[in-house]
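Before any comments, here is the structure.
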Amino acid sequence: MTDLSIPTEVVTPEPLTVPPPGKQGKPSSLWSDAWHELRRKPSFIISAAIILLMVVMAIFPQLFTSVNPRECSLINSIQPPSSEHWFGTDLQGCDYYARTIYGARTSVSIGVVVTFFATLVAVTLGSLSGYKGGYLDTVISRITDIWFAIPLILAGIVFLNALGSKGFWNVCAVLIVFGWPTMLRLMRSSVLSVRELDYIDAARALGASDWRIITRHVLPNGITPVIVYATITVGVIIAVEATLSFLNVGLQLPAISWGLMISVAQNRILASPHLLFFPGIFLSVTVFAFILMGDALRDALDPKLR
Amino acid sequence: MTKVTPLDTAFDPHAADTGVLLEVRDLEVEFRMRAGTVKAANKVSYQVDKGETLAIVGESGSGKTVSAQAIMGIIDSPPGFITGGEILFRGKDLLKMEEKERRQIRGDRVSMIFQDALTALNPVFTVGWQISEMFQKHRGMSKSEGYKRAVELMNLVKIPSAAERVNAYPHEFSGGMRQRVMIAMAIALDPDVLIADEPTTALDVTVQAQIMDLLADLQQQTGMGLILITHDLGVVAEVADKVSVMYAAEIAETADIRELYQHPYHPYTEGLMRSLVRPDHKGGRLSPIKGSPPDLLHIPSGCPFHPRCDYVQDICRTDDPPLREIVEGRTSACHFAEVFSND
């Protein structure tokens, strides 16, 4: 402690050398600070819990139900919820709870697979476009602008109809092909701002190659907004898949997905509302969780919003 | 396959000990922008030898950083273009080299320190990671070896408790410590030439002195050539051997530090001297140079300094004086350098 020549009995000053809370000499970075922030955020905790639940449900549906969703008996056709069938049964007499649980797999995997590959395309082309600039940037940006003008749902309807077969991978492929433009623009603008910073010049002056500068300096500093947006995109894609299935251009029976269940339910909404209600709730809660997570991440990763 | 000369033979420090280490010859750099073409370096020439400190002095916007960026190959292109001249490192023109060969020199043989170490260090990696990366990439060392060397370097640049701080992030250091980290990275591979672009401008005065002392120490230990870019003539007086004064993208005068201070050969240098606070200054006002430096888009005709010059003649308004040797080892770009120097 510094010895200041102030009479000590006058005041007892607060000790000035208290370390800032939560630091305690541990290294802090953008991500560890964000984690620190997130852990105390209700919106993050809630959305993380829901997402975790849905992911576990998608991977291990057996944990939640021992009933085979494809083992149906027509005797039980369209029963309302009961102690035996918690969510009731559908037209074929299948246990609706089991089908809703198994539906998570399709919905969550489509959301994750599509977002992963769309982000991969967006990050690769976006950072190339932003970092290299010039001719390459012009070509990539103009193509993106054209792609950007095509609504995802419309592209899904047109191309899935044209493709004929509507399996899991076909739906994924169409959504990937039309799902990347927004994220590419985000990545490009983020790279454009990072590229101007001194440490990029410094890295080059110290002999780093273009590849190294992009992977070690540009990407780690510029990818944050894309991660946030990708989280939200997972929810959006799940909703889009449900919409396409509802419009009969997405997955087809006997696939099990929430959108498909809602689609089948549409003729009996008034007579048997539970057919719409349960997959609808699962769908909206999952989409909501991903969007909430995206918001929580954005707040935590943007120091300006703290 | 591209032919890359092995570093060992091409840059053997003992092979070319007598020659000039780095020489910039008639360098011309243009920035082509919508508003017009800016000549940011106009026939700039200077050289630095082993163990020598060359200071490049000038006001903001005088083009002093541009030549350093050209040496390092970090001019943003477009809009920047090197339109002429040579940059010879141990006699080989850097501008004619293949990118691959040049990258082996960057950071390794010629290195650079930036003005603001806060923005020149990557915020998402620890300083240890960033220093050890130099060893891993250029010397093929393992990660643990690299970290060990990083700690040694941090000790060398006098960062207290280096062993603990090696895992800290740039924002956890003070400005002066960050600049030391930057210096550690720049000297990691024992470069022959170190360019320091206003290394102390972002720091407060006491820290400035420490950083300059550190650079001077390191230079003595390693015998590297140092190019110090600054607008602070006080800093220059303490450490430099030679000074090149830049004005409006041109070298106005180059001289040995003592001679320059005693007897400037260019009216601009004289103006700079007059505007300095000196210990022997007894009261009264300082006399700054009248007017302000020209916009590089609209450089005055003839001698670029003529609108502000106290000694202006008709010829100055029409003819741009070339940089010429006035006496042995001293150059000046003034029509009347000889007359002026006898005043």
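The values are calculated or read from the model by the stated rules, or taken from the named source; none is laboratory data. Values in this document were obtained by computation on a predicted structure and should not be read as measured data. Cβ atoms come from the backbone with ideal geometry, glycine included; neighbour counts cover every protein chain shown.
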**Study point:** Selection count, the stretch A:268-286, where residues are part of a helix (DSSP H, G or I), crowded, with 19+ Cβ neighbours inside 10 Å and over 29 Å from the mean Cα position of the chain (by Cα)
**Key:** 0
Revision key, fill the gap. Of (1) closer than 30 Å to residue B:309 by Cα; (2) over 15 Å from the mean Cα position of the chain (by Cα); (3) among the basic types (Lys, Arg), residue B:178 satisfies every one except (1)
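Matching residues to (1) touching a Lys or Arg at 6+ places or on another chain (Cβ under 8 Å); (2) at pLDDT 80 or above; (3) under 20 Å from residue B:68 (Cβ atoms); (4) not in a loop (DSSP other than H, G, I, E, B):
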position	(1), (2), (3), (4)
B:218	no, yes, yes, yes
B:221	no, yes, no, yes
B:226	no, yes, yes, yes
B:236	no, yes, yes, yes
B:244	no, yes, yes, yes
B:261	no, yes, no, yes
B:278	no, no, no, no
B:289	yes, yes, no, no
B:301	yes, yes, no, no
Exercise for review: Might you check whether a residue that is touching a residue at least 40 places away in the same chain (Cβ under 8 Å) and touching a strand residue (DSSP E or B) at 6+ places or on another chain (Cβ under 9 Å) occurs anywhere in the stretch B:165-182?
Suggested key: yes
Study note, to complete from the structure: When restricted to B:115, B:104, the only residue touching a residue at least 12 places away in the same chain (Cβ under 8 Å), touching a strand residue (DSSP E or B) at 6+ places or on another chain (Cβ under 9 Å) and either facing chain A (nearest Cβ under 9 Å) or closer than 19 Å to residue B:215 by Cα (or both) is B:115
**Study point:** Condition met for residue B:126 (within 14 Å of chain A (Cβ to nearest Cβ), modelled with pLDDT under 85 and over 22 Å from residue B:222 (Cα atoms))
**Key:** no
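Condition check ((1) under 21 Å from the mean Cα position of the chain (by Cα); (2) crowded, with 19+ Cβ neighbours inside 10 Å; (3) within 20 Å of residue B:72 (Cα to Cα); (4) more than 10 Å from chain A (Cβ to nearest Cβ)) across all residues:
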| site | (1), (2), (3), (4) |
| --- | --- |
| B:89 | yes, yes, yes, yes |
| B:132 | no, yes, no, yes |
| B:145 | no, no, no, yes |
| B:195 | yes, yes, yes, no |
Check your understanding: When the stretch A:224-238 is examined, which residues are found to be more than 15 Å from residue A:182 (Cβ to Cβ) and surrounded by fewer than 22 Cβ atoms within 10 Å (Cβ to Cβ)?
Key -> A:224
Check your understanding: Is it the case that the stretch B:20-33 has a residue that's crowded, with 22+ Cβ neighbours inside 10 Å, touching a residue at least 60 places away in the same chain (Cβ under 8 Å), within 14 Å of chain A (Cβ to nearest Cβ) and assigned to a loop (DSSP other than H, G, I, E, B)?
Key -> no
Revision key, fill the gap. Taking the stretch B:134-143 and the residues there that are more than 13 Å from residue B:187 (Cα to Cα) and touching a helix residue (DSSP H, G or I) at 6+ places or on another chain (Cβ under 6 Å), the one that is nearest to the other protein chains (Cβ to nearest Cβ) would be B:136
Study note, to complete from the structure: The condition from (1) assigned to a loop (DSSP other than H, G, I, E, B); (2) more than 15 Å from residue A:279 (Cβ to Cβ); (3) without any contact (Cβ under 8 Å) to a residue 40 or more places away in the chain that residue A:62 misses is numbered (1)
**Study point:** Qualifying residue in the stretch B:314-337 (condition: closer than 30 Å to residue B:38 by Cα and in contact with a Leu (Cβ under 6 Å, 6 or more places away or on another chain))
**Key:** yes
Check your understanding: Any chance the stretch A:244-265 includes a residue that's of a type outside the set (Phe, Trp, Tyr), surrounded by fewer than 17 Cβ atoms within 10 Å (Cβ to Cβ) and in a helix (DSSP H, G or I)?
Key -> no
Practice item. Restrict the check to the stretch A:263-279 and report whether at least one residue is of a type in the set (Ser, Thr, Tyr) and more than 30 Å from residue B:66 (Cα to Cα). Key: yes
Check your understanding: Does residue B:186 qualify as being surrounded by fewer than 20 Cβ atoms within 10 Å (Cβ to Cβ), in a helix (DSSP H, G or I) and small (Gly, Ala, Ser)?
Key -> no
**Study point:** helices (runs of 4 or more DSSP H) fully within the stretch A:83-200 counting 3 or more residues that are not hydrophobic (A, V, I, L, M, F, W, C)
**Key:** A:96-132, A:134-148, A:181-195
Check your understanding: Does the stretch B:273-291 contain any residue that is surrounded by 17 or more Cβ atoms within 10 Å (Cβ to Cβ), touching a residue at least 40 places away in the same chain (Cβ under 8 Å) and closer than 30 Å to residue B:206 by Cα?
Key -> no
Practice item. Keeping to the stretch B:73-85, report how many residues are part of a strand (DSSP E or B), surrounded by fewer than 16 Cβ atoms within 10 Å (Cβ to Cβ) and not hydroxyl-bearing (Ser, Thr, Tyr). Key: 2
Practice item. Just need a number here: residues in the stretch A:142-174 that are modelled with pLDDT under 90, crowded, with 17+ Cβ neighbours inside 10 Å and within 26 Å of residue A:222 (Cα to Cα). Key: 1
Review point. Of all residues in the stretch A:198-227, which are within 23 Å of residue B:71 (Cβ to Cβ), facing chain B (nearest Cβ under 7 Å) and touching a residue at least 12 places away in the same chain (Cβ under 8 Å)?
Key: A:199, A:217
Check your understanding: Within the stretch B:34-65, which residues are of a type in the set (Lys, Arg), surrounded by 19 or more Cβ atoms within 10 Å (Cβ to Cβ) and closer than 27 Å to residue B:239 by Cβ?
Key -> B:64
Revision key, fill the gap. Restricted to the stretch B:41-85 and to residues being among the polar types (S, T, N, Q) and more than 14 Å from the chain's Cα centre (by Cα), the residue farthest from residue B:115 (Cα to Cα) is B:83
